[in-house]
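K.L.:
Please see the structure below; I have some questions.
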Amino acid sequence: MLAPAYLRHFPDSLLSLSQRRLLLFLLTFAALIILTGIGLRSPWPADEPRFAEIAREMVVSGDWLIPTRGGELYPDKPPVFMWSIALFYWLTGNLKVAFLLPSALSALLTLGLVYDLGARLWNKRTGAIALLLLMLAPQFLAQAQKAQIDAMVTAWITVASYGLIRHFFIGPAWGWYFAAWAFMGLGIITKGVGFLPILMFLPLWVVHLRDQNLFRTSLTWPCALGPVVMLAVVGAWLIPMVLHVNGLGTDEALAYRDNILFKQTGERYADSWGHLQPWHYFLTSVIPALWFPLPLLLLALLRPVADTLRHRPVVLVQLVWVALVIVFFSASPGKRGVYLLPALPMLALALAPVVGTQKPARWFQVLLTGLHVAVAVGLVTLGLLAWADHPSLVRKVSDYSTDPARLHDAGTLVLILGLTWLATVVGFWRSRPLGRLFLAMMLTWLLFSTWGYRILEPLRTPRNILAAAEQGLPPNAQLGMIDFREQFILFSKLDFVHFSFFSSLQEEERNAWRWMGEDQQRYLLVEKGLPLSCFTTEGAKDLGVAHRERWLLLRPAQRQDRCTPPAQVRQFRTQTPGQWLD
């Protein structure tokens, strides 16, 4: 059974393969898990519709330098991730396929690097164990199957870490050293934090001070040229962007430049305005669940890990770097679980040689088996409660759909997942608990990315609302939206208008009132209960429920006779953005 067991229990039939063939086998297996489901679902909120729409607009407009969201400049993130989705959309013509490919391929690259570095530092068995440990952590595969930036920036940071470790512990390898800095630059123009591998120089320097003979030929003056390479990569995007923005000279363009260079970097880190969490958030809420079971494994192998740290400085460097990344993100008031993903590959790699040679404390196996059984029982119970129409579950599903059959569909899936977990623990009772857990997790991912996608697709997109809005409207009608949400524009088959993502609700409404008065074929999509002063909801068309809200369609008849004019006229029109659905 393929599982991250201890080195002496790793399948002999696989270990008889050459290093390259073993890597090919493991990546094929990983691709089966990661790529399954691509093309079966649409972009889901919160982030996926935004990135998919930006990429779609790049392809349609031909302007790839400055990202736009619904025709308005998008200053929150650098463009590399959106470029990758746009490239695959341009190549395939299928947005359902294109939007998930960059994260999936980035995850496969990360796995390949972890295996190769483990094989070079120790042997192919350790490389394989590191790869499988990484796949076991829920956060890694979850991000591999999402269109968020984090899987890609993790890949670039892993390339950089790979390059530094190859240079200092296997090399000298100056090509890999400078490649590491180049990928740090690429990471910066992907999500700002691509510089994180620089923190690795702190433990590297400490190790060098402890043993002056280490790095004698690799820690020399050419190392100082690394930052130049990083800045050159950043400059390849930054200089054309600044020149283009300065050439435009508009307030919106200059605000884009200042926002992406200052507000979304240092200001966001030091004085974050969103996702505010206490300093211990990662330690208490993220790592125990999303990195499970790796933190428990580290505790269960504490003594052999401590011995390894004394004899293998590369493990010390990796673990200290992981700790520094956690400290770095913990120091910022704004925290999201995905921020820590770049540290996960190095943790798996640091644990692999110890997992391969040492047996963890007995409590680890007992606890892992108990948790496995608890998850199985919990899922079976939840599935049965869904079929019994438990009131709390009925209320929960009603936030997304008024169809009671949706709850039974979800209950069936959860029940099957519970039975799968139960079957893996009973059927493989004599196997290692870590192997049983791995098997259960992989089957769970396959079921979720096929059957689960089919159930969730109508609940995670607003297509039902937009289809109801489009019914009876002429093809030349325009659909506007107050309190703009990105997912709605992506799924609209009519021309879609919004009134600036950065405007206040009051300004959006005033601009919408002005816009509707210019033509009789203009309609507004609004959330029920939204406080409106320029429109009345009396007589509005009820469109149904999506994203935990009920939606209404406002016609010209709902437009008040008078409304305070907007302080600034702002409206952005996108022509038939939902054509990709056909």
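K.L.:
What are the pairs with Cβ atoms under 8 angstrom where one residue, in the range 563-577, is at positive phi and the other, located anywhere, is open to solvent by 30 Å² or more (accessible area, probe 1.4 Å) and assigned to a loop (DSSP other than H, G, I, E, B)? Sequence gap at least six, or different chains.
P.N.:
576/493
K.L.:
Among the numbered criteria (1) free of Cβ contacts under 8 Å to residues at least 40 places away in the same chain; (2) touching a helix residue (DSSP H, G or I) at 6+ places or on another chain (Cβ under 6 Å), which one does residue 394 miss?
P.N.:
Checking residue 394 against (1) free of Cβ contacts under 8 Å to residues at least 40 places away in the same chain; (2) touching a helix residue (DSSP H, G or I) at 6+ places or on another chain (Cβ under 6 Å), the one that fails is (2).
K.L.:
Something else about it: Filter the range 327-340 for residues that are under 18 Å from the mean Cα position of the chain (by Cα), surrounded by fewer than 24 Cβ atoms within 10 Å (Cβ to Cβ) and part of a helix (DSSP H, G or I) and give the result.
P.N.:
329, 337, 338, 339
K.L.:
From 506, 579, grab the single residue that is surrounded by 14 or more Cβ atoms within 10 Å (Cβ to Cβ), in a helix (DSSP H, G or I) and of a type in the set (S, T, N, Q).
P.N.:
From the options 506, 579, the qualifying one is 506.
K.L.:
If a residue must be surrounded by 13 or more Cβ atoms within 10 Å (Cβ to Cβ), hydrophobic (A, V, I, L, M, F, W, C) and either in contact (Cβ under 8 Å) with a residue 60 or more places away in the chain or touching a Ser or Thr at 6+ places or on another chain (Cβ under 7 Å) (or both), how many such residues does the range 240-278 contain?
P.N.:
Matching residues across the range 240-278 total 5.
K.L.:
Taking the range 510-529 on its own, how many of its residues are in contact with a Phe, Trp or Tyr (Cβ under 8 Å, 6 or more places away or on another chain) and either under 17 Å from residue 70 (Cβ atoms) or without any contact (Cβ under 8 Å) to a residue 24 or more places away in the chain (or both)?
P.N.:
Of the residues in the range 510-529, 7 are in contact with a Phe, Trp or Tyr (Cβ under 8 Å, 6 or more places away or on another chain) and either under 17 Å from residue 70 (Cβ atoms) or without any contact (Cβ under 8 Å) to a residue 24 or more places away in the chain (or both).
A quick yes/no check of all residues on (1) part of a helix (DSSP H, G or I); (2) modelled with pLDDT under 90; (3) closer than 30 Å to residue 357 by Cα:
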| residue | (1), (2), (3) |
| --- | --- |
| 265 | yes, yes, no |
| 278 | no, no, no |
| 289 | yes, no, yes |
| 292 | no, no, yes |
| 298 | yes, no, yes |
| 304 | yes, no, yes |
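K.L.:
As an exercise: evaluate residue 224 against (1) part of a helix (DSSP H, G or I); (2) open to solvent by less than 60 Å² (accessible area, probe 1.4 Å) and give the number of the one condition it does not meet.
P.N.:
All conditions pass for residue 224, except number (2).
K.L.:
If the requirement is being touching a Ser or Thr at 6+ places or on another chain (Cβ under 8 Å) and closer than 26 Å to residue 581 by Cβ, which of these qualifies: 155, 147?
P.N.:
147
K.L.:
Could you tell me how many of the residues in the range 341-373 are surrounded by fewer than 20 Cβ atoms within 10 Å (Cβ to Cβ) and either of a type in the set (Val, Ile, Thr) or at positive phi (or both)?
P.N.:
4
K.L.:
Let me ask something else about it. Kindly list the number of the only condition in (1) under 30 Å from residue 388 (Cβ atoms); (2) out of contact with any helix residue (DSSP H, G or I) (no Cβ under 6 Å at 6 or more places or on another chain) that fails for residue 469.
P.N.:
(1)
K.L.:
Scan the range 43-66 and give yes if some residue there is out of contact with any strand residue (DSSP E or B) (no Cβ under 7 Å at 6 or more places or on another chain), outside any loop (DSSP other than H, G, I, E, B), acidic (Asp, Glu) and modelled with pLDDT of 95 or more, otherwise no.
P.N.:
Among the residues of the range 43-66, at least one is out of contact with any strand residue (DSSP E or B) (no Cβ under 7 Å at 6 or more places or on another chain), outside any loop (DSSP other than H, G, I, E, B), acidic (Asp, Glu) and modelled with pLDDT of 95 or more, which makes the answer yes.
K.L.:
Also, I was wondering about something else. Looking at the range 428-443 only, could you name the residues that are modelled with pLDDT of 95 or more and open to solvent by 30 Å² or more (accessible area, probe 1.4 Å)?
P.N.:
439, 443
K.L.:
Let me ask you something else. Taking the conditions exactly as written (more than 23 Å from residue 297 (Cα to Cα), in contact (Cβ under 8 Å) with a residue 24 or more places away in the chain and buried (at least 24 other Cβ atoms within 10 Å of the Cβ)), does residue 164 satisfy them or not?
P.N.:
yes
K.L.:
Within the range 200-221, restricting attention to residues that are assigned to a helix (DSSP H, G or I) and open to solvent by less than 40 Å² (accessible area, probe 1.4 Å), which residue is farthest from residue 149 (Cα to Cα)?
P.N.:
208
K.L.:
Inspect all residues belonging to the range 65-74 and state whether any of them is β-branched (Val, Ile, Thr), in contact with a helix residue (DSSP H, G or I) (Cβ under 9 Å, 6 or more places away or on another chain) and surrounded by fewer than 23 Cβ atoms within 10 Å (Cβ to Cβ).
P.N.:
Yes, the range 65-74 has at least one match.
K.L.:
Could you count how many residues in the range 170-188 are open to solvent by 10 Å² or more (accessible area, probe 1.4 Å) and either assigned to a helix (DSSP H, G or I) or under 30 Å from residue 75 (Cβ atoms) (or both)?
P.N.:
Total satisfying the criteria: 11.
K.L.:
Just to confirm my filter: which helices (runs of 4 or more DSSP H) fall fully inside the range 346-427 and include at least 3 residues that are under 26 Å from the mean Cα position of the chain (by Cα), at pLDDT 90 or above and under 28 Å from residue 462 (Cβ atoms)?
P.N.:
Of the helices (runs of 4 or more DSSP H) lying wholly inside the range 346-427, those with at least 3 residues that are under 26 Å from the mean Cα position of the chain (by Cα), at pLDDT 90 or above and under 28 Å from residue 462 (Cβ atoms) span 405-427.
K.L.:
How many residues does the range 493-514 contain that are over 36 Å from the mean Cα position of the chain (by Cα) and within 28 Å of residue 579 (Cβ to Cβ)?
P.N.:
Total meeting the criteria: 1.
K.L.:
Looking only at residues that are among the basic types (Lys, Arg) and free of Cβ contacts under 8 Å to residues at least 12 places away in the same chain in the range 294-326, which one is surrounded by the fewest Cβ atoms within 10 Å (Cβ to Cβ)?
P.N.:
Only one residue tops the list, namely 310.
K.L.:
Out of the residues in the range 89-112 meeting the condition of being touching a residue at least 12 places away in the same chain (Cβ under 8 Å) and among the polar types (S, T, N, Q), tell me which one is surrounded by the fewest Cβ atoms within 10 Å (Cβ to Cβ).
P.N.:
Per the stated criteria, the residue is 94.
K.L.:
Just wondering, is there one or more residues in the range 123-133 that are within 24 Å of residue 80 (Cβ to Cβ), part of a helix (DSSP H, G or I) and open to solvent by less than 10 Å² (accessible area, probe 1.4 Å)?
P.N.:
no
K.L.:
Which members of the range 524-541 meet the condition of being of a type outside the set (Val, Ile, Thr) and open to solvent by less than 20 Å² (accessible area, probe 1.4 Å)?
P.N.:
Across the range 524-541, the qualifying residues are 524, 525, 534, 535.
K.L.:
Within the range 546-558, work out how many residues are surrounded by 20 or more Cβ atoms within 10 Å (Cβ to Cβ), at pLDDT 90 or above and within 34 Å of the chain's Cα centre (by Cα).
P.N.:
3
The values are calculated or read from the model by the stated rules, or taken from the named source; none is laboratory data. What you see is a predicted model, and the numbers here were worked out from it, not measured in a lab. Please note: Cβ atoms are built from the backbone with ideal geometry, for glycine as well, and neighbour counts cover all protein chains shown. For accessibility, only protein heavy atoms count, side chains too; no ligands or nucleic acids. Shrake-Rupley method; radii C 1.70, N 1.55, O 1.52, S 1.80 Å.
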